[in-house]
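Every number here is computed from the coordinates shown, using simple stated rules; none is lab data. All values reported here derive from a predicted model rather than from experimental measurement. Cβ sites come from the backbone with ideal geometry, for glycine too, and all protein chains shown count toward neighbours.
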Amino acid sequence: MKQSTLNPDIVFIRDVIRSGGDSVKKCYQCATCSVVCNNSPDENPFPRKEMIWTQWGLKDRLVNDPDIWLCHQCDDCSVYCPREAKPMEVLAALRKMTIAHHAVPGFFAKMFKSAGYLPILFGIPVVFLLFVLFVSGHLNIPDGEVLYSKMFSHMAINISFTAMFFLACGMAFIGGKNFWNGMKADFGEPKGETSFIGACIKVSKQIMLHSKFKECDANKSRFTSHLLVFWGFIGLLVVTALAVVSIVLYHYYPLPQTNLIKILGNVSAIAFFVGLTIMMLNRLSSKTSQSRGTFFDWVFLLDLYGVVLTGIAVEYLRVFNGGAIAYIMYFIHLVFVFFLLVYFPYSKFIHFAYRFLAMVYAVMTGREVVRT
Amino acid sequence: MDKKLGIYLCSGCHIGECLDMQALEKAALGECKAAVCKKHEFLCGREGLELINNDIKSEGVNTVVIGACSPRVNFDLFRFGDQVILERVNLREHVAWCHKPNDEDTQMLAEDYLRMGAIKAVKINFPEPYIAEGLTSKILIIGGGVSGLTSAFSAASLGTEVVLVEKQAELGGWVKNMHRQYPKAPPHAALEPTGLPELIDQVKKNSKITVYTSSTIEKISGEPGRFEITIKKADGTAVEKAASIIVATGWKPYDAKKLEHLSFGKHPNIITNVMMEEMVSSGRGIKTADGQRPKRIAFIQCAGSRDPNHLPYCSSVCCNVSLKQAMYCREQDPDSLVFVFYKDLRTPGHHEDFYRHAQNDAGTFLTKCEITNIDVKGNTLVVNAADTLLGKEISVEADLVVLATGMVPTALDEKVLHLAYRKGDELPQLKYGFTDSHFICFPYETERTGIYASGCARAPLDTDAARSDGTGAAMKAIQCADLISRGMATLPRFGDNTYPEMYMQRCTDCKRCTEECPFGAYDETAKGTPLPNPARCRRCGICMGSCPERIISFKNYNIEILSSMIKNFSVPDEFEEKPRILAFMCENDAYPAMDMAGLRHIEYNPHVRIIPVRCIGSVNNVLIADALSGGVDGILLIGCKHGDDYQCHFIRGSELIGKREGNLQETLQRLALEPERIKAVQLSINEYDRLPKLFSEYVEEITEMGFNPFKGM
Amino acid sequence: MNIKKGEFVVVGGGISGIAAAVEIAEFGNKVTLIEKEASLGGRVSKMSLYFPKLCPPYCGLEIYFKRIRSNPNIQIMTLSEVANISGTPGNFTVTVRQSPRYVNAKCTGCNDCVSACPVERPSDFDYSLSKTKAVYLPHELSFPYRYVIDDKTCPGAECGKCILACKYDAIDLGMKAESVELKADAVIVATGWKPYDAQKLTNLNYGKMSNLITNVMMERLAAPNGPTKGEILRPSDNKKVERVAFVQCAGSRDENHLPYCSAVCCTASLKQVSYVKEFNKEAQVSVFYIDLRVMGRNEDFLTKIKQHDGLKFVKGKVARITEDPDTKDVWVEAEDILSGAKHRERFDMAVLATGIEPSLSGEKTCLGEQDKYGFFGSGKDGIFHIGCCHTPSDVSACVKLANGAVLKAMQCVGGRA
């Protein structure tokens, strides 16, 4: 499976170092990490081998390595690491590198690496939205009672966003498929008893319950915050979908505050907001540079935050008839939403897909650790 | 000197409850012929000591025998000055504490020991130290590398005159080709200058130091305190005298031509770490054979070292050196890739900090492995390795391969001392060309008195360790000169001012003394007669044990004394049904073990009589024959462990017992006795728990065999 | 010879300090050797054998003690610590605080006090694997050969049984601490090391199971004068060991504990492998390591030990040790890196190769400047540091530094250096 002539990719190493894996070269291969990790399988355990592959810049092995996705960041490995090599943080960096590697087109992934590309990243949705407004003939701020459909017609927004989103999904699919094929090529065709569908169901359950997260002893507040964000996001996604359905089928929008969907939306938003806030605070109070996060982490986190905050603002500006400000806010909200939904194959967002695939692969190859 | 013997018996520490003190006193005044005998229940107390001191002062007692505890305790209390002969009879640890109280056999043991101690005291003479004519205090240092230079400078700083002989035209040894050294002080990160130019400067400026460069030793004769040294210079010879010698002849790199399995010689871009160091220190920079800067450099650790086919030992410095050289490469070209292939990364102690620092670099790649081979494919060198941290088998392409070759002591195959010693012209080597003896406890010692090994001549060391080695060796050399000037022995019998005297009229020129002396103390005259060099002697008495004519003796230790002791213990006749075993015992290890058995109140057979000896090798066959013909049923020779990991303080004393066994068995045959009547035993100082079994089994064996037919004759 | 004689103080009566004191005294100098414990000998006296020769430390110590016995220039102060050093090279004043021994110079070593003493204490010599009475002789080769009373366990005058038992009036429970001032031309510091506290290695659960011991305890188990008389029996049930794990770098080379390498533990564990194999030829032994650091000619020793059957070297640091509650066996976990699989194995007993920590690590001391790990530099200005308080070293390296320090110290006579 592994090429035997090794060709260290020093650019890759420097990338990992810049992406938060700055401690990787300190590892002296004692394998404490592999033993203390509750998610590491008995055969070819991680993250010891990932550490030396990274030290040696073996990019090809690492970008297809399912094991780096089995880590749920409990940090036991870093706590016990005798060399302060912080395997957890190296794996986190490697995951970013993997996303960037498999993303199609690669250009977008590159833009998520540093703040320098931020104007372009935000410029694209602005131009896109202005273009939609121009095409639909609403390139002005409507008068009277605030009704966002006066600016962006439901049709315009649904068609354009849905189209872009499906395009993004297509890109994500290609990336995910590359990853899946890469895993199979480098680490072997799954031969286990579990089928792909079976594994998917199993992993979905695990993800919904965050059961792998829970196995990490060290990091309880991460479990809570991630769970809140996860379910908050799912809730918002469902609400959005229902809203779209209600508009398309029943032209029934905006919904009254007492509507069940609306309530679900608000609860989800609160859960999402609380979870995100805990995450941010955790990062800000963290002592190490990696757990404080890189641009890649923060841009995703802040975008989520932006979506929630502008979303809430948009809602209340409508209720309290905020006039021009409401429309501007709505525009900004849509920019954040675009950022989230269209860029997802290149942002940290896509981690759910890679992790899902890697966990499925692990279940199918018997590398999943069942704790007794 | 007229001896007036005083015997003082202590009944304290339960001795009195175990032994009939009256009977002992009777023996003292009777058979022991003591002029005075006093008993006390607390002899080491103020009153007890006064008792003895008063007798010395007012009664003229000048020979004191103390029947109390072991001579290894209360040594500071029973100290009566150098005008009084003192002998301690160990009634406590060797008798009262380990034998049945108020028993006939126990009492017999105590009385025997008292008689043996008394006769020994009577026979001892005051030593007259050996101080030869024409002593110097100068020190000769062979080798002007970092270790030798440090020795020279350190010794001179104490006012000692030093002669430094260096083979090369310039001082500095291998370190002068060294660009930088790996860090030796916190934070162990940046490479350091070697400090060699400053050291050379200090040595050259010091008026106490005479430096001979481009010079080697032609001949060394004489003995510590007055070695005669002939130095071969580029333009003739010089003659110097020295009291002691430091051998700091250092190392050379292992011959890389022998490393065919690592393809040395197959491509000019496969070089050694020494070649790499020279390339950097010359200022040429790191280049391949065609003058290019290499992009990929591979370091192969243990190139020759840790390899049974080459150097079975670890050269200790190569891991740190390769990390250092990896830093050279990375500094020269930040885009270069450096690989280090090691078996185990060995950076002990604080050097771990250096490892941590050196490895924390994007372009440095390390793995444990076993090197399979190095393939030469045009200008590409392919390092193939197995059992790596990255998988079973890997290959790495490189354009420069550096073999971390190890250190070989210069003295392995080069003559450096040219000693005019009958026993050989170089220092005996322990292993692989390294010269030392008792390297754990006494690291500078060699098997030649007054000649100390320092630096890489004795072990693979880095510059820092070589410097500190040089300081320590200088101390030993000066101390030796000092002791010799006072007529005293060096290790391990520090301060002993006796020496072997020979009654040459009876010498048959058999040369056993010459051959058996582990320290080469005996040369021989043109006629072949042994020629002693007493200052080379360590006072072990092995020559005394070797001499069939019994002509070698020390003032306070000789065959007559030992023989009298043998004659002075009881040998029960056959009707008493009590065997008698004589155990000669090494006083350094077995004797303290006996004390510890006593301390633990371990009971053992009372039919054994012990005579402590300087070294088991000093026991002359004549003594054994005497004892056997006197009716002793069996002889135990309890010495130290010998072999590769010998414990004998005189290197081969205990081993010689086996070598002399042929002669011994002849003696037994002559007496028509069973060979089992003599038994050699190796015992470590901590094996006191073995003693009871050892004694009882031997007594049983002898009893089964039957008593010595010479009994009562 | 014409070398100026002086007065010196050596702090620490382990092998380094003893070597320094003896060598310097043999030049005719006066020297006072200060030892914190009740006897000289330090850590080495508690070792069963030295590597690589497998010879007993008592052998070399006895030669040194013999040299002390024959040299009235050496003064020994036990139970003593240095409280202050003032002055300059050639003219130091060293203030020594001596704790009471409660046994005076009249002690003959008859042992009657021990028979009378009613209280017991864990033996520090045996690392608590055995007990002594409150009055005790430190060990068989104690130097000075004199008993001592542990005032932490001794009930004092209200008991007084030892006073009645002693025929020589050697017990003095009213003895007080004393301060003594010594003059010195130079001071040699050899305060040595202590084993790293294994309880700090939380993932290894030391202290929570009886069959997980440290390397220094293993030395006592193997020693003929140890708690098991040299039989290697596991503590929980005194069973003869059949499966033993050696866990290297227990604390050493670890940023969370001792970031440096303790330099001797690899070779020491090889030596302890030989103890186990000597005691039970059939025993199965595994050594878990990161790098086997067996330096110089000690490599021969590694080669020799490797010839044993039933001996396995596993490249991988042990990261978890747990106890089987029923059998009291220990489970040891590591990744066997060269085979690329986790390795979980059951043993009768596991031995932690705990590292060398400087004795005065974390303490304020007047004896010199310490680096971030608590080690002294090599010394300057008339105060020289040698042995394991300077850097982790084996015996040979300690003695060598001691010899060098003697020369440097003698340079200070008359205030020259």
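Summarising the label geometry, the points placed 7 Å from Cα in the beta-carbon direction at B:D2 and B:T237 lie 5.7 nm from one another.
Binning all Cα-Cα separations of segment B:1-124 at 10 Å, short to long from zero, yields these whole-percent fractions: 15, 51, 30, 4. Compute the relative contact order of segment B:558-713 as a whole-number percentage, counting only Cα pairs closer than 8 Å that sit 6 or more residues apart in sequence. Rounded, it is 33 percent for segment B:558-713.
By other beta-carbon atoms within 10 Å, ranking B:T237, B:T529 with the fewest at the front produces B:T237, B:T529.
Given R0 = 35 Å, the distance between the Cβ atoms of A:I270 and C:N256 translates into a calculated FRET efficiency of 0.30. For chain C, the 222 nm mean residue ellipticity estimated from helices alone, with every DSSP H stretch of n ≥ 4 adding -39500 (n - 2.57) and the total spread over all residues, rounds to -5500 deg cm²/dmol. Return P(r) of segment B:290-407 (all Cα-Cα pairs; 10 Å bins starting at 0; whole %; ordered from short to long distances). Final binned percentages: 14, 46, 35, 5, 0.
Between B:E576 and B:A672, residue separation times 0.36 nm minus the direct Cα-Cα distance comes to 32.3 nm. Once both labels are positioned 7 Å from their Cα atoms along Cα-to-Cβ, the gap between C:S179 and C:K380 label points is 3.0 nm.
Mean projected area of the convex hull spanned by the Cα atoms of the protein assembly as shown, taken over all viewing directions: 66.9 nm².
Please state, as a whole number in µm²/s, the translational diffusion coefficient that the Stokes-Einstein equation yields for segment A:34-193 at 20 °C and 1.002 mPa s, with Rh defined as the Kirkwood radius across alpha carbon pairs. Diffusion coefficient, whole number: 112 µm²/s. Please list log₁₀ I(q)/I(0) at q = 0.22 Å⁻¹ for segment A:97-168, using the Debye equation with identical point scatterers on the alpha-carbon positions. So the normalised log intensities are -1.00. Scoring B:271-279, C:11-19, B:75-83, C:82-90 by mean Cβ neighbours within 10 Å over their residues and listing the highest first yields C:11-19, B:271-279, C:82-90, B:75-83. Given in Å, the Rg to one decimal and the Dmax to the nearest whole number for the Cα atoms of segment A:106-364 are 20.0, 64. For the residues of B:467-473, the average number of beta carbons from a partner chain within 10 Å of their own beta carbon is 6.
Per the Debye formula on identical point scatterers at the alpha carbon atoms of segment A:157-198, with no solvent, log10 I(q)/I(0) at q = 0.17, 0.27 Å⁻¹ is -0.63, -0.90. Return the Rg/Rh value of segment C:112-165, two decimal places, where both radii are evaluated on C-alpha atoms and Rh is the Kirkwood radius. My calculation puts Rg/Rh at 0.96. Hey, any idea what Rg/Rh is for segment A:10-102, computing Rh the Kirkwood way over Cα pairs? For segment A:10-102, the value is 0.92.
Here the convex hull built on the C-alpha positions of chain C has a volume of 147 cubic angstrom per residue. Using a cutoff of 8 angstrom between alpha carbon atoms and counting only pairs six or more residues apart, the relative contact order for segment A:106-364 works out to 33 percent. From the largest down, segment B:558-713 spans 41, 36, 28 angstrom on the principal axes of its Cα atoms. Partner shielding of A:51-57 amounts to 5, given as the average count of beta-carbon atoms from other chains within 10 Å of each residue beta-carbon.
For chain A, the longest principal axis of the C-alpha atoms and the axis of helix A:87-102 are separated by about 60°. Is segment A:256-363 rounded, prolate or oblate when judged by the Cα gyration tensor, a ≥ b ≥ c being the square roots of its eigenvalues, rounded requiring a/c under 1.5 and prolate requiring a/b larger than b/c? Prolate. Using a Förster radius of 56 Å, what is the FRET efficiency between C:K306 and B:Q332 based on their Cβ-Cβ separation? Nearest 0.05, please. The formula returns an efficiency of 0.90 here. Counting only other chain Cβ atoms within 10 Å of each residue's Cβ, the peptide B:337-347 averages 4. In terms of its C-alpha gyration tensor, chain B has a prolate overall shape, because the principal axis ratio a/c (a ≥ b ≥ c, square roots of the eigenvalues) is not below 1.5 and a/b outweighs b/c. Dividing the helix sum by the residues of chain B, where each DSSP H run of 4 or more adds -39500 (n - 2.57), gives a mean residue ellipticity at 222 nm of -8000 deg cm²/dmol.
This ranking places B:L403, A:L301 by how few other beta-carbon atoms lie within 10 Å of each, fewest first, which gives A:L301, B:L403. Relative to the globular-protein estimate of 2.2 N^0.38 Å, the Cα radius of gyration of segment B:153-312 stands at 1.33. Geometric descriptor of segment C:1-91, per residue, is 115 Å³ (volume of the convex hull of the Cα atoms). Take the Cα of C:S128, step 7 Å toward its Cβ, do the same at B:K204, and the gap between the two points is 6.1 nm.
Arranged from fewest to most other beta-carbon atoms within 10 Å of their beta carbon, A:C77, B:C32, C:C110 become C:C110, B:C32, A:C77. In whole angstrom, segment B:128-220 maps to an equivalent ellipsoid with semi-axes of 30, 16, 11, each derived as √(5λ) from the alpha carbon gyration tensor and ordered largest first.
The mean sequence distance of close C-alpha pairs (under 8 Å, at least 6 residues apart), as a share of the length of chain B, puts its relative contact order at 13 percent.
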